Amino acid sequence: MSHNSFGHLFRMTTWGESHGPAIGCVVDGCPPGITLSEADIQPFLDRRRPGQSKFVTQRQEPDQVRILSGVFEGRTTGTPIALHIDNQDQRSKDYSEIAESFRPGHADIAYHWKYGVRDPRGGGRSSARETAMRVAAGAVARRVLEGVTIRGALVQIGADRIDRANWDWAQVDENPFFCPDPVAAARWEPLLTKTRKAGSSLGAVIEVVAEGVPPGLGAPIYGKLDADLASALMGINAVKGVEIGDGFAAAALSGEENADEMRMRQDGTVEFLANHAGGVLGGISTGQPIVARFAVKPTSSILTPRLAVTRAGENTELRTKGRHDPCVGIRAVPVGEAMLALVLADHLLRHRAQNPAAVGVPQLPV
């Protein structure tokens, strides 16, 4: 299986399966001399870790990360950084009954058609378990992005959206949903409780924001920052849609409404009066906040019997047992943050390589 690496100059390669002995990744291209320890990575893994509330899978994984290489006396050496996490709570027997069948909504049948072999235990390589290593690698990327703040929030579960007038970043860590609207979070608790007890699931929309991003990251045509970000977010398990800035809502705007007007400040820098573009114009960052949203489908593992087929070509019905998220979008929030960090770190290094003299926010005239 190829295509297990992501990035160009800042590159991550992940390995491992959901029910294997361990998962891990190698981060290559990290500059030397950056302070890094397991304590810098673990808090982000703790936010993604399963079993923290009744609204996520009850699989109990401590997700304790170990740095195996690339760091000496607390600083990166410029060599590959190997990160390792043991799997400790596999229950492969939960999947014995579906080993010969293809679950609706899962990658089972697509894997079978492509490779002719698959690991049915928790989805094997297609499991969201792999995203723990993206979060670990994203924590390393954050160390490269000095001065950049990356945050994410859940803004919709099912058809229920937050009220943006209530947005408060401080609320994100005060509820089990990463929700910035405490009123919406209060509604979501009974909604997901009912969904979980019914053995069903709901989808979600996550918004990720990066502030302090310098202008000039990205390149026109085939190196667009927003295109790489869309690819990164679309590559997260269960994601079915991505938008940058106003996204699809921009189609309903007039040209006058959509234009991010500009004025000159007294210090000679440019001020944008809006950010419909989500911080990217022509594939290049403008210095405004990078804003992206991605839609996560309902978890395909549900208790309601669904029509399916077997490897022998027979019709059957399946109900998926085991421990599953009633809304996989909840734990996708730190994963989305990590993918945003990985893209920005990669583009920052690419920008420095092509434009070593470009530092800070340019003033006009240029």
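The values are calculated or read from the model by the stated rules, or taken from the named source; none is laboratory data. All values derive from a computational prediction rather than experimental measurement. Because the Cβ atoms are built from the backbone with ideal geometry, glycine has one as well, and the counts that use them run over all protein chains shown. Please note that ligands, DNA and RNA were not included when accessible areas were found on the heavy atoms of the full protein model with its side chains. Shrake-Rupley method; radii C 1.70, N 1.55, O 1.52, S 1.80 Å.
Roughly how many debye, to the nearest 20, is the charge dipole of the range 220-351 about its Cα centre, given +1 on each Lys and Arg Cβ, -1 on each Asp and Glu Cβ, and no other charges? Numbers along the way, then the final one.
Working: 13 positive and 15 negative charges, 181 e Å.
Dipole of the range 220-351, to the nearest 20 debye: 880 debye.
Between ASP46, ASP168, ASP226, the GNM of the chain built on Cα springs shorter than 10 angstrom shows ASP168 fluctuating the most. With every protein chain in place and a 1.4 angstrom probe, the accessible-area ranking of PHE6, PHE178, largest first, reads PHE6, PHE178. Take the Cα of ARG319, step 7 Å toward its Cβ, do the same at ASN4, and the gap between the two points is 3.6 nm. Note: relative contact order over the chain, using C-alpha pairs below 8 Å and six or more positions apart, is 22 percent. Taking the charge dipole of the chain about its Cα centre, with +1 at Lys and Arg Cβ atoms and -1 at Asp and Glu Cβ atoms, the residue from ALA170, PRO62, ALA295 reaching farthest to the positive side is PRO62. Taking label positions 7 Å along the Cα-Cβ direction at both GLU100 and ASN166, the computed distance is 5.1 nm, reported to one decimal.
Taking Cα centre as origin and charging only the Cβ of basic (Lys, Arg, +1) and acidic (Asp, Glu, -1) residues, the dipole magnitude of the chain rounds to 1160 debye. Which one of ILE244, GLY199, MET234 is farthest out on the positive end of the charge dipole of the range 194-266, using unit charges on Cβ (Lys, Arg +1; Asp, Glu -1) and the Cα centre as origin? The one lying farthest along the dipole's positive direction is GLY199. Using the Cβ-Cβ distance between ASP46 and ASP260 with R0 set to 56 Å, the FRET efficiency from 1/(1 + (r/R0)^6) comes to roughly 0.90.
In the chain, helices alone account for a calculated mean residue ellipticity at 222 nm of -7500 deg cm²/dmol, with every DSSP H run of four or more residues adding -39,500 (n - 2.57).
Pulled fully out, how much extra length does the chain show between THR304 and GLU73, if you take 0.36 nm times their separation in residues and subtract their Cα-Cα distance? Between THR304 and GLU73, full extension yields an extra 77.9 nm. Each label point was placed 7 Å from the Cα along the Cα-to-Cβ direction; for SER37 and ALA274 their separation is 4.8 nm.
Pulled fully out, how much extra length does the chain show between ALA357 and HIS112, if you take 0.36 nm times their separation in residues and subtract their Cα-Cα distance? Walk me through the numbers on the way to the answer.
Numbers: separation 245, 0.36 × 245 = 88.20 nm, distance 5.02 nm.
My answer for the length gained is 83.2 nm.
Take every Cα pair under 8 Å whose residues are at least 6 apart in sequence, average their separation, divide by the length of the range 124-253, and the relative contact order is 25 percent. A dipole drawn for the chain from +1 and -1 charges on Cβ atoms has a positive end, and of LEU307, PRO220, ALA277 the residue lying farthest that way is LEU307.
Taking the C-alpha atoms only, the angle from helix 332-354 to the longest principal axis of the chain is near 40 degrees. Ligands, DNA and RNA are left out, and with a 1.4 angstrom probe the accessible area of the chain is 48 Å² per residue. The range 193-246 and the range 129-151 have their alpha-carbon centroids 15 Å apart.
So, in the chain, how many Lys pairs have Cα atoms under 14 Å apart, if the pair is 8 or more places apart or on different chains?
Final tally of qualifying lysine pairs is 5.
Both radii were evaluated on the Cα set of the range 233-366; the Rg over Rh quotient, with Rh as the Kirkwood radius, amounts to 1.16.
Sites listed here are GluC sites (Glu not before Pro) in the range 198-281 whose DSSP assignment is loop and whose Cβ has at most 12 other Cβ atoms within 10 Å: GLU261.
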